[in-house]
Amino acid sequence: MRIDIITCLPELFEGPMNQSIVKRSKEKGLVEIHIHNLRDYSTDKHRRVDDYAFGGGAGMVLSIEPIDACISKLKNEVKYDEVVYLTPDGEGLNQSMANSLSLSKNLILLCGHYKGVDQRVRDHLITKEISIGDYVLSGGELAAMVLADSLIRLIPGVLNDESSALSDSFQDNLLAPPVYTRPANYKDWTVPDILISGHEAKVEQWRNEQALERTKKRRPDLLG
Ligand code: 6GU
């Protein structure tokens, strides 16, 4: 998978996109991430990428020209499955959306800032609008990283078997069951006997029950 991220704050991506699972997926050649500084596509002498809103009101709006210049350049080189705009009024990200987007070969993620982007960007250049939850972030960058991470870990070969994505919370509309590791007894806080029994089928059954119990208690909405 190739992910092209368009942002006014490219530095924000340096940490999160170069650690842990995302780092290893790049090293394995399974993922390419290209960060594009929107300012590099400004024709303004001060490299400005935003302007005042027509009709007035507080807050600057990202202009269409640098965004179109960047997206057009990328589209000349690569065929994209989706051009995604991260925005709080987009469709809510969930595991089933992540599963289907993880099958993409090439994606553009556009990070908005300030008061958003010129509506004509959304009308003519964007194919999908995604929000990561009902709260407002200062910009789309953290949301783009959340989305990228959720997709990358689903690519075959990115996770090893023991951390398989299939047992994650939400993957079958159930939260994940509790997990334990050594020591089996810490300050008399003990591990459920069944997990130490060596009885695989019973462990499996216990985990299913716990997952269902947790989901009922914490997220009954997932059970429908
Ligand atoms: Cl995608 N962007 C911003 N700025 N805030 C958000 C969001 C996105 N998703 C939830 N809040």
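The values are calculated or read from the model by the stated rules, or taken from the named source; none is laboratory data. Computed from a prediction, not measured in an experiment: that's the story for all the values here. Positions of Cβ are generated from backbone atoms using ideal geometry, with glycine treated the same way; all protein chains shown enter the neighbour counts. With ligands, DNA and RNA removed, areas are computed over all heavy atoms of the protein, side chains included. Shrake-Rupley method; radii C 1.70, N 1.55, O 1.52, S 1.80 Å.
Using DSSP to call loops (not H, G, I, E or B), can you name the chymotrypsin sites (Phe, Trp or Tyr not before Pro) in region 120-224 whose Cβ has at most 11 other Cβ atoms within 10 angstrom?
Numbers: sites: TYR135, PHE170, TYR180, TYR186, TRP189, TRP206; in loops: TYR135, PHE170, TYR180.
The qualifying sites are TYR135.
Please report the base-10 log of the normalised intensity I(q)/I(0) for region 42-126, using a Debye sum with one equal scatterer per alpha carbon and no solvent, at each q in 0.23 (1/Å).
Rounded to two decimals, the profile gives -1.20.
Mind checking which lysines have their Cα closer than 24 Å to the Cα of LYS115? Skip sequence neighbours fewer than 8 apart in that chain.
Straight-distance partners of LYS115: LYS45, LYS128.
Can you list residues whose amide H is under 5 Å from LEU175's amide H, if they're 5+ apart or on another chain and H is modeled 1.01 Å from N?
PHE170, THR215
Give me the percent relative contact order of the chain, please, defined on Cα pairs under 8 angstrom at least 6 residues apart.
Details: 317 pairs, mean separation 45.7, N = 224.
Taking the mean separation of contacting Cα pairs over the length of the chain, I get 20 percent.
What accessible area per residue comes out for region 167-223, rounded to a whole number of Å², with a 1.4 Å probe?
On the way: 4630 Å² over 57 residues.
With the other protein chains kept in place, region 167-223 gives 81 Å² per residue.
Provide ILE64, ILE3 ordered by accessible surface of protein heavy atoms (probe 1.4 Å), highest first. Walk me through the numbers on the way to the answer.
Numbers: ILE64 45, ILE3 0 Å².
Correct descending sequence by accessible area is ILE64, ILE3.
Convert each backbone phi in region 88-104 into a coupling constant with the Karplus relation 6.51 cos²θ - 1.76 cosθ + 1.60 (shift: θ = phi - 60°), then list the ³J(HN,Hα) values in order as whole Hz, x for Gly and Pro.
So the J values, rounded to whole Hz, are x, 9, x, 6, x, 5, 9, 5, 6, 5, 4, 4, 6, 5, 5, 7, 5.
Rg/Rh for the chain: what does it come to with C-alpha atoms and Rh from Kirkwood?
Numbers: Rg = 21.6 Å, Rh = 20.0 Å.
In the chain, Rg relative to Rh is 1.08.
Any idea which of ALA148, TRP189, MET17 is furthest toward the positive side of the dipole for the chain, if Lys and Arg beta-carbons carry +1 and Asp and Glu beta-carbons -1?
It is TRP189, whose Cα lies furthest towards the positive end.
Hey, what do the phi angles of region 43-51 turn into as Karplus ³J(HN,Hα) couplings, whole Hz, using 6.51/-1.76/1.60 and θ = phi - 60°, x for Gly and Pro?
Couplings: 9, 6, 5, 9, 6, 6, 10, 9, 7 Hz.
Under a 5 Å amide H to amide H cut-off, with H placed in plane at 1.01 Å, what residues pair with LEU109 once short-range neighbours are removed?
Residues meeting the criterion, in which the H sits 1.01 Å from N, are ASP4, ILE5, ILE6, VAL84.
Return the percentage of antiparallel bridges among DSSP beta bridges fully within the chain, rounded to the nearest 5 %. Mind dumping the intermediate values first?
On the way: 5 of 27 bridges.
Among the beta bridges of the chain, antiparallel pairing accounts for roughly 20 percent.
How far is the Cα center of region 54-73 from the Cα center of region 96-167, in Å?
Between the Cα centres of region 54-73 and region 96-167 lies a distance of 21 Å.
Taking loop as defined by DSSP and a crowding limit of 10 other beta carbons within 10 Å, which chymotrypsin sites (Phe, Trp or Tyr not before Pro) in region 31-106 fit? Don't skip to the answer; put the middle values down first.
Details: sites: TYR41, TYR52, PHE54, TYR80, TYR85; in loops: PHE54, TYR80.
Answer by residue number: PHE54.
Ranked from highest to lowest mean number of other Cβ atoms within 10 Å per residue, what is the order of the peptides 13-20, 116-123? Show your work: numbers first, answer last.
Working: 13-20: 13.2, 116-123: 16.8.
So the order, starting with the most tightly packed, is 116-123, 13-20.
Could you give me the ³J(HN,Hα) list for region 129-144, computed from phi with Karplus coefficients 6.51, -1.76, 1.60 and θ = phi - 60°, whole Hz, x at Gly and Pro?
For region 129-144, the Karplus-derived couplings read 10, 10, 10, 9, x, 8, 7, 10, 9, 6, x, x, 4, 4, 5, 5 Hz, x marking Gly and Pro.
Using amide H atoms built in the peptide plane, which far-off residues or other-chain residues are under 5 Å from GLU129 H to H?
Long-range HN contacts for GLU129: TYR85, GLU91.
For region 167-223, what number results from the quotient of the Cα radius of gyration and 2.2 N^0.38 Å? Display every interim value, and only then the final one.
Numbers: Rg = 12.8 Å, N = 57, 2.2 N^0.38 = 10.2 Å.
Taking N as the residue count of region 167-223, the ratio is 1.25.
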